[in-house]
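To keep things clear, I will list the structure first and then write my remarks on it.
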Amino acid sequence: MRPNIISQTDGTMLFIIACSIILLLLVTVAMIYFCIKYSRKNHPVAENIHGNTTLEVTWTVLPTILVMVMFFYGYMGFKNLRDIPADAYTVKVTGQMWKWTFEYPETKKKSDTLYVPVGKDIKMEIHANDVNHSFFIPALRVKEDAVPGRTNYLWFNAEKEGRYDIACAEYCGMNHSYMYAVLMVIPQQKFDDWVKVTPAADTTKKATDSLKTTGKDSLKTSAPVVDTTKKEVKQVPDATKKEETKKDSVKK
Amino acid sequence: MANGSIAVPAGREEVVDFYKHESKHKGIMSWLLTVDHKRIGLMYLVVMIGFFLTAMTLGFFMRLEMLTPGQTLMKPQTYNTLFTLHGVIMVFLFIIPGVPAVFGNFIMPIQIGAKDVIFPRLNLLSWYLYIFGGILALISIFTGAADTGWTFYVPYSIRTTTNVSLTVFAAFVLGFSSILTGLNFVTTIHRMRAPGMTFFKMPLFVWGIYATAWIQILATPVVGITLVLVILERTLGIGVFDPALGGDPILYQHLFWIYSHPAVYIMILPAMGVVSDIIATFSKKPIFGYTPIAMSSLAIALVGYLVWGHHMFTSGMSDTSRVIFSLLTFLVAIPTGVKVFNWVASLYRGSIEITAPMLYTLCFIFVFSIGGLTGLVLGTLNTDIHLTDTYFVVAHFHYVMFGGMGLLFFASLHYWFPKMFGRMYNEKIAKLACIIFVIGFNGLYFPMFIMGYLGMPRRYYDYLPEFQTYHVIATVSSWIMISGILLMLANLLRGLRHGSTAPENPWDATTLEWTVPSPPPMENFDEIPVVTKGPYDREGLKEASLKH
C-alpha cells in the first residue's frame, strides 16, 4: 500500500516547519540575548574575536545534513506523486480561458465537473488549449501545469466522498481567479451510472457552475455549497479579443 | 579619472565637498553630465525612491482591492495590470539595481580607497540606460499596460493585446544598465584598490558588490535575449516559444529563470554585505568569520546559478531535472545559513549600540530568517507541488526581497546618510519608523503563508470567502507598513534640511569611507591611503577567543 499523498506531504511540511521554527528561535534568541548582555552599557569594551574554525565547520556540516534529510523526505514524497499506479483510471482534462473540461475514456463523455469514484487511483492527463494553466486540487495536495503543446499528468486517490475545489494556479488572464471547477468524489456505483449517460450531455452547463465552490476551508472535504462570486463577469476586455481569432490556430 | 587632473585643495578645513565642487557645468547640468560616482549614486537614489513609491502605491491599491471578495474597487483587468506593474517596477527598477546602483556607486569606490570607478563615463551611461528603461516602463503603463505578471510567461505574453512589447523592451534596456554597472564594478574592484588593500582586506560590502557584479555580467544577457525573442515572437511570430508554431513554452521558463533566479542574489548579496559592515561598526569589533562570509557570497553567486529549475517543479519539466534542481536548491541554503550564524556570532562579546541602522539590520536578520526558512518547504519537491503558485510563494519572496533587500536598503540609507549628505537625522523617529514598518510588514505578509497553505492561488483578483479574514489582516497591516515607510522618509527629508551637521565619522566605524569628510570631496581622497589592517580591525581591543 502506498503512503497517502496528503499525509505524506503534510508530514514533510510539518517536519521542515518544525526544524525551521527551532532554527528561527535559536537565531532570534541568541541575537536578542547578545544584544542585551553585550550592550554598550553592560559591556563597554568589545573583545577581539575574529572567528572560530570549529564553529564554522559545525554550522556548515549540521545544516547540510539537515537539509539533505529534508531533501530525502521531499524526494520520497515526490516519487509517490510521480509514480502513477499502473491501473489508474485516466481522465483527460483540458484547460482553456477560463474553464476546465474533463473527458472520460470509455464514453468520451465531457463534463465541467470532475466526477471520480471514491478510493480509486485517478490519473489526470493535463492539456491546455490556449495559454498555461495549472490544475490544482488544494485539498489533495496535487498540482501540475497545463501547457499548450504538451501533455502533463498527475494522479490522486480521493479517499473520502465529497466536493473539493479545483483551482487554476498559473496566471492565465482576466478571469484567472474565476477558473474554479468542482471535484465530486462519489461511490463507484454512482459513478458508473453517471459515466454511462449519453456523451456530451453535460457540456451545455454553463461555465459559471465552476464558480460554485466547496466553501469553508478548501483543504477540508464535504463542505456545503456556497456561491462565492457575487456576480458573473460578463464583459470581455481588449486583452481577450485576440483569443477568439487565434484559438483555431492553437487547437491541434 | 573623473574630472581630469583637478586636485582637491589640501588642508582639511578648506575641503570643498562634491556638492560645492565647481565643474565646467552649472546647475542641473552639473548633475546630468557628471561622471562623479557620488553624484551618479545620488541620482540613482532620487529616481529610485520615486519608482519605489510608485510601485508601493500600486501595491496599496492591490491590497485595497483584496479587502473584500468580488469587486471592491476595480475590474479584474485593472487588478492584473496593477500586479504586473508592481512587479516590474519593484523588481527591475528598485530591488535589482537598488543597493549596487546607489550604495555601490557612492560608497564602494571610497571603501576601496579609489577616486572614482574605473569607467566613469560608462557609469553615467548606465544611469541613462536606467532612466530610459524606467521611462519606457512608465510609458507602457499609459499605452495599454501589460497584464502578464512580471514573469511575462508565454504563450499568454504572446497572445495578450496589451502593450507587452514595450514593457519587455523596458526590461531589456534596464538589463543593459545592469550589465554595464556590473562590468564597471568588477573592473574597479580588481584595478582600483588602494595599495595594501588585498582582496581579504576589503570590507564585506565590497565582497557583496563583487559577487553580484559577476552575476550581473554573466546572467543578465540571458534574459536580454529571451525578452528580445518575446518581442520577435509577438511581432514576427518566429515560433521559438509559441506552441502553435512549434515553439516551446517551457523553454521560455528555463531561459527566464536562468537570469531571474540569480537576479534574486543580485538583489540580496550586496545588501548582505551591508549587514556585515553595520554589525561590525555597532558592536565595535571585527566581524566573526570574515573569510567564511566572503566565501559564502561567492558560493551563493556560483550555486545560485544552478537552481533556477525550482521555479518550475510543476511545469512539466522532466522528473529527473526536478530532483536535481531540488538538491541544488538545498545546497544554496547552506552558505546563506553560514552568513546568518556568523552575523549573530559577531554580536558575541561586542559592545553593542542599537542605533537606527543597527535596528534595521537586526530586524532584517529576523525577517530574512523567516523568508529563508520558508524557502526550504518550497525547495522540497512534494511540498512545493502543493505550495507553488500560491500565496505561500508571495509571502516567501516578499519576506526575502522586501524584508531582505528592502529593509537593508533602509538600513544602508540610515547608515550612510551622514556620509552622503553631511547631516544627521532624528534617531528616535528613525527607530520608531523601523518598528512600525516591521510590525506592518509581518501583519501584511505572514497571513499569506497560511492562505497559501490553505490553497489560495496567487495573482487572483477574487477569492473564496474563507480567505477574507487573512486578507483583511493583510490589508490593514499594509496601511501600518506604509505609515512606517512614509515616517521614515519624512524623517530623512527633515534631516536633509534641519539635521545637525554630521562629523567625519559619526558611528566610530573603521572602513575607509569614514576617513574622508562628510560629504566627501570631489575625488574622495587628497592622497590615496595605504591600507595596512583589516577592514574592521580596531586598536586596543582585548584579544579573546571562544574558549573561556
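The values are calculated or read from the model by the stated rules, or taken from the named source; none is laboratory data. Just so you know, these numbers come straight off a predicted model, no measurement behind them. Glycine also receives a Cβ, built like all others from the backbone with ideal geometry; neighbour counts cover every protein chain displayed. We work out accessible area using only protein heavy atoms, side chains counted, and drop any ligands, DNA or RNA first. Shrake-Rupley method; radii C 1.70, N 1.55, O 1.52, S 1.80 Å.
Within the option set B:A474, B:A490, B:A509, being among the hydrophobic types (A, V, I, L, M, F, W, C), closer than 30 Å to B:G113 by Cβ and either touching a residue at least 24 places away in the same chain (Cβ under 8 Å) or not in a loop (DSSP other than H, G, I, E, B) (or both) holds for one residue only, B:A509. Number of residues in the range B:289-340 that are free of Cβ contacts under 8 Å to residues at least 12 places away in the same chain and not aliphatic (A, V, I, L, M) equals 3. Within the range B:362-390, the set of residues being under 30 Å from A:L154 (Cα atoms), open to solvent by 10 Å² or more (accessible area, probe 1.4 Å) and in a helix (DSSP H, G or I) comprises B:G372, B:L373, B:T374, B:G375, B:L376, B:L378.
Every residue, every condition in (1) within 30 Å of B:I110 (Cα to Cα); (2) of a type in the set (G, A, S); (3) open to solvent by less than 60 Å² (accessible area, probe 1.4 Å), yes or no:
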site	(1), (2), (3)
B:L444	no, no, yes
B:M448	no, no, yes
B:G455	no, yes, yes
B:R458	no, no, yes
B:S478	no, yes, yes
B:L492	yes, no, yes
B:S500	yes, yes, no
B:P503	yes, no, no
B:P506	yes, no, yes
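For first residues located in the range B:243-263 and within 20 Å of A:C172 (Cβ to Cβ), partners that are open to solvent by 10 Å² or more (accessible area, probe 1.4 Å) and among the aromatic types (F, W, Y) and lie 6+ apart or on another chain with Cβ distances below 6 Å form the pairs B:W257/B:W308.
Yes or no, residue by residue, for (1) in contact with a His (Cβ under 8 Å, 6 or more places away or on another chain); (2) within 14 Å of chain B (Cβ to nearest Cβ); (3) within 23 Å of A:G162 (Cα to Cα); (4) among the hydrophobic types (A, V, I, L, M, F, W, C):
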| position | (1), (2), (3), (4) |
| --- | --- |
| A:V69 | no, yes, no, yes |
| A:K79 | no, yes, no, no |
| A:P85 | no, no, yes, no |
| A:Y89 | no, no, yes, no |
| A:V116 | no, no, yes, yes |
| A:G119 | no, no, yes, no |
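From the list B:E539, B:E527, pick out the single residue that is within 14 Å of chain A (Cβ to nearest Cβ) and surrounded by fewer than 18 Cβ atoms within 10 Å (Cβ to Cβ). None of the other options fit; the residue is B:E539. Consider the range A:168-189 and keep the residues that are in contact with a Pro (Cβ under 8 Å, 6 or more places away or on another chain) and free of Cβ contacts under 8 Å to residues at least 40 places away in the same chain. The one that is nearest to A:Y89 (Cα to Cα) is A:A169. In this entry, B:S276 is excluded by the filter for residues that are out of contact with any Lys or Arg (no Cβ under 9 Å at 6 or more places or on another chain), open to solvent by less than 10 Å² (accessible area, probe 1.4 Å), within 30 Å of B:Y415 (Cα to Cα) and in contact (Cβ under 8 Å) with a residue 12 or more places away in the chain. Cβ-Cβ contacts under 6 Å between residues 6 or more apart (or on different chains), taken from a first residue in the range A:34-49 that is more than 7 Å from chain B (Cβ to nearest Cβ) and outside any loop (DSSP other than H, G, I, E, B) to a second residue that is of a type in the set (K, R) and surrounded by fewer than 17 Cβ atoms within 10 Å (Cβ to Cβ), are absent.
Restricting attention to the range B:346-361, the residues that are buried (at least 22 other Cβ atoms within 10 Å of the Cβ) and within 7 Å of chain A (Cβ to nearest Cβ) add up to 4. A search for C-beta distances below 6 Å between a residue of the range B:392-418 that is among the β-branched types (V, I, T) and any residue that is surrounded by fewer than 24 Cβ atoms within 10 Å (Cβ to Cβ), counting only pairs 6+ apart in sequence or on different chains, returns B:V394/B:R458; B:V400/B:G371.
Any residue at all in the range A:18-25 that is at the interface with chain B (Cβ under 9 Å from one of its Cβ atoms), open to solvent by 40 Å² or more (accessible area, probe 1.4 Å) and either free of Cβ contacts under 8 Å to residues at least 24 places away in the same chain or within 30 Å of B:K284 (Cα to Cα) (or both)? Yes - at least one qualifying residue is present in the range A:18-25. Out of B:L359, B:L327, one residue alone is assigned to a helix (DSSP H, G or I), more than 30 Å from B:T281 (Cβ to Cβ) and more than 16 Å from the chain's Cα centre (by Cα). It is B:L327.
Is the range B:449-457 home to any residue that is away from chain A (no Cβ under 14 Å) and within 30 Å of B:M358 (Cβ to Cβ)? Looking for residues that are away from chain A (no Cβ under 14 Å) and within 30 Å of B:M358 (Cβ to Cβ), one finds none in the range B:449-457, hence no.
All of (1) surrounded by fewer than 24 Cβ atoms within 10 Å (Cβ to Cβ); (2) in contact with a Cys (Cβ under 9 Å, 6 or more places away or on another chain); (3) under 21 Å from A:H133 (Cβ atoms) hold for B:D462 with one exception: (2). Take the range B:241-253 and flag every residue that is among the hydrophobic types (A, V, I, L, M, F, W, C) and buried (at least 18 other Cβ atoms within 10 Å of the Cβ). B:F241, B:A244, B:I250, listed by residue number. Every condition in (1) closer than 30 Å to A:I126 by Cβ; (2) buried (at least 19 other Cβ atoms within 10 Å of the Cβ); (3) outside the structural domain of A:H133 (by TED's automatic domain parsing) is met by A:G11 except one, and the failing one is (2).
Yes or no: B:V15 of a type outside the set (F, W, Y), under 22 Å from B:S518 (Cα atoms) and modelled with pLDDT of 95 or more? It is false that B:V15 is of a type outside the set (F, W, Y), under 22 Å from B:S518 (Cα atoms) and modelled with pLDDT of 95 or more.
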